[in-house]
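Single-structure report; data block below.
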Ligand SMILES: [Zn+2]
């Protein structure tokens, strides 16, 4: 579920001339000079261990068969991971089972009943030379769609966002009781938000299709000749409202351990009540051709040679959808390398294992990288190099449904995690191309950029950071919106397994990938051949990710003082506050009297002062006593936790972080409390939310000794 990052990443790297440094190696943040020597030695050995050949082999095995969450194959892969991790020397290796709502399709039919009769194929074509595309990939569907049998006139509603329906209403087109046909992207918006919007507007059903302008032939060559989606490709996916609460919809906020209390499905806020089905453009085109009515705005026109008329009708479509509501078992695989000195402090590394079909890029590229990392760090351990802190490996399940197993595991072990977790580093898809993108909380910017500085880009003498900087400089001219000058994007939304760690538990997170042109997301063509021939021939970006991920993990695990710098966090907070306040003054005019944001600005100033003092103390603690280091490390860990509010954000109590939340589209909602109060034009709520936000920032400042 990682395509969001591709659209959100607006990164432009600092030009760190790593290649010019031939003299003393640059310092490592968080390490004394003496410790840095030991760390460099461990890293130098570690960097030799990743293996393209073994990643290829593991990737082939991971993608050999469809492995939907809940399937026997996905369980087999969990057991395989467990056994390999044990063999490689990982400790405390075990499988955690959760029992969760995991709807599977029984019967899905889409037919046009007028002006002529026609049945959508809902099938993807086999491709010559790629035998896996001839295997049974199961029925294409949207998980958490309602079941039912509805018939209605079709309206074409562009991207299916609220403004699209507003335009239709302005044309006098009544959409109630009708079937919406909408495009997947442009701009990217989570499919669950399209379903929610259609549900709210009173439609009877929704069809979401992949237009060739978004991920098909209008972008370039299609598979098997290129990376883009061929005419029959279908983007499966979940449509739950997990922007309200992720994880098993029947246990919102508590763990789905065997025997757990469950709410009735009718009370589950994250389960849609509308019927939704994904289509290829080959199927969608037949319906689009049968539409009359006004021609839609040019922005709604995709890559098909037809006028994209709005309807309604005369095309009428019948949707028959039968999806079970079964509770199924899912498996989280956990393994550890216990810390030698601080075993109760944990650095957590995770990737999801379950896929819609073969999961070539999403997620098996990341799963193969996770295996490479476990093998490499396991080897280091067997050679006698044990980290100071514990490193935890996690293979999540049912991410594709509703970030399920990471959420359930996070809820189950919330108390331990609050005490122990240093940071969580997520890699969903590791490689669909060569472009490094990363998102993180601002305190970890330096960790990410130093690791990118110290890992070489495949095929280059330069570092990942340098190559990323050059690429972004080139792209910046072409992209008017590429205005971020940073290697790391500090605007975190949702769409992968870091959500429970950041938004619910207040644990600092990093999310990374290597991206490229990729038009086969969640289709049968996202498989081993696509990855090995197109996305990452030679699997060199897979192992580059092993190296980046491992260097970050080792530095977090071995640092004398945790490599967290809250000064950039203070800078970002100031930017965010100004930005959100600007929306309020734009809407209301400057007005008289104090801004509701005044307490926020004051708190940010406290936080900036505290961050600066903490940075100074951290630097002197490098040469100080173990007790001094333990004290500052505790503060650095707890500061992010302090940004949580136990009541959550309005209407979404599960989402506790006061700086970050996902919008309903999964795009980042910065300062969600005030931002959503402004959207609701509610001055009283804005004042309350600004005070709540200021209190959280003050708490974090207090933790940092401010
Ligand atoms: Zn994924």
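No value in this document is a laboratory result; all are computed from the given coordinates. All values reported here derive from a predicted model rather than from experimental measurement. Cβ atoms come from the backbone with ideal geometry, glycine included; neighbour counts cover every protein chain shown.
Cα centroid separation, the range 675-706 to the range 49-84: 45 Å.
What base-10 log of the normalised intensity I(q)/I(0) is obtained for the range 585-663 from the Debye formula, alpha carbons as equal point scatterers, at q = 0.11, 0.20 Å⁻¹? Results for the range 585-663 at q = 0.11, 0.20 Å⁻¹ read -0.49, -1.01.
Ordering 460, 504 from the fewest to the most neighbouring beta carbons within 10 Å gives 460, 504. Mean sequence separation of contacting Cα pairs (under 8 Å, at least six apart), scaled by the length of the chain, corresponds to a relative contact order of 20 percent. Once the Cβ-Cβ distance of residue 231 and residue 695 is raised to the sixth power relative to R0 = 45 Å, the FRET efficiency obtained is 0.25. Counting every other Cβ atom within 10 Å of each residue's Cβ, 83, 125, 645 order from fewest to most as 83, 125, 645. Inverting the pair-averaged 1/r between distinct Cα atoms of the range 113-224 gives 16.0 Å as its Kirkwood hydrodynamic radius. Using only the alpha-carbon atoms, how far is helix 567-588 inclined from the longest principal axis of the chain? Give it as 0 to 90 degrees, nearest 10. Taking the Cα atoms of the chain, the angle to 567-588 is about 40 degrees.
For the range 327-359 and the range 248-321, what is the separation of their Cα centres, given in Å? With the range 327-359 and the range 248-321 each reduced to a Cα centre, they are spaced 33 Å. The relative contact order of the range 157-252 comes to 23 percent, based on Cα pairs under 8 Å that sit 6 or more residues apart. Of the three principal axes defined by the Cα atoms of the range 428-565, the extents in descending order read 43, 33, 33 Å. Residues 136, 609, 174, arranged from fewest to most other Cβ atoms within 10 angstrom of their Cβ, appear as 136, 174, 609.
Principal-axis analysis of the Cα atoms of the chain puts helix 683-703 at an angle of about 30° to the longest axis. Per the Debye calculation on the range 506-552 with a single equal scatterer at every Cα and no solvent contribution, log₁₀ I(q)/I(0) for q = 0.17, 0.18, 0.19, 0.22 Å⁻¹ amounts to -0.61, -0.67, -0.72, -0.86. Computed across the range 551-706, the Kirkwood radius stands at 16.6 Å (inverse of mean 1/r, all Cα pairs).
Relative contact order for the range 235-367: 16 percent, from Cα pairs under 8 Å spaced at least 6 residues apart, divided by residue count.
Quarter the surface of the alpha carbon convex hull of the range 214-256 and you get the mean projected area, 4.8 square nanometres. For the range 416-478, a Kirkwood radius taken over Cα pairs fed into Stokes-Einstein (10 °C, viscosity 1.306 mPa s) yields D = 117 µm²/s. Helical runs (DSSP H, four residues minimum) scored at -39500 (n - 2.57) apiece and divided by the length of the chain put the mean residue ellipticity at 222 nm at -11500 deg cm²/dmol.
When peptides 650-659, 519-528 are ranked by their average number of other Cβ atoms within 10 Å per residue, the highest-first order is 519-528, 650-659.
Full extension of the chain between residue 571 and residue 329 yields a length gain of 82.7 nm, computed as 0.36 nm times the residue separation minus the alpha carbon distance. The equivalent ellipsoid of the chain has semi-axes of 40, 30, 24 Å, largest first, where each one is the square root of 5 times an eigenvalue of the Cα gyration tensor. When all alpha carbon pairs of the range 524-620 are counted in 5 Å bins from zero, the resulting P(r) reads 2, 10, 12, 11, 9, 9, 9, 10, 10, 9, 5, 2, 0 %. Remark: the Cα gyration tensor places the range 157-299 in the oblate category, a/c being 1.5 or greater and a/b not exceeding b/c. So what's the gap between the Cα centers of the range 95-134 and the range 219-240, to the nearest angstrom? Their Cα centres are 14 Å away from one another. Once both axes come from the Cα atoms, what is the angle between helix 598-621 and the longest principal axis of the chain, in degrees from 0 to 90, rounded to 10? The two axes meet at around 40 degrees.
Entry for the range 238-340 at q = 0.13 Å⁻¹: log10 I(q)/I(0) = -0.75, Debye formula applied to identical alpha-carbon scatterers, no solvent contribution.
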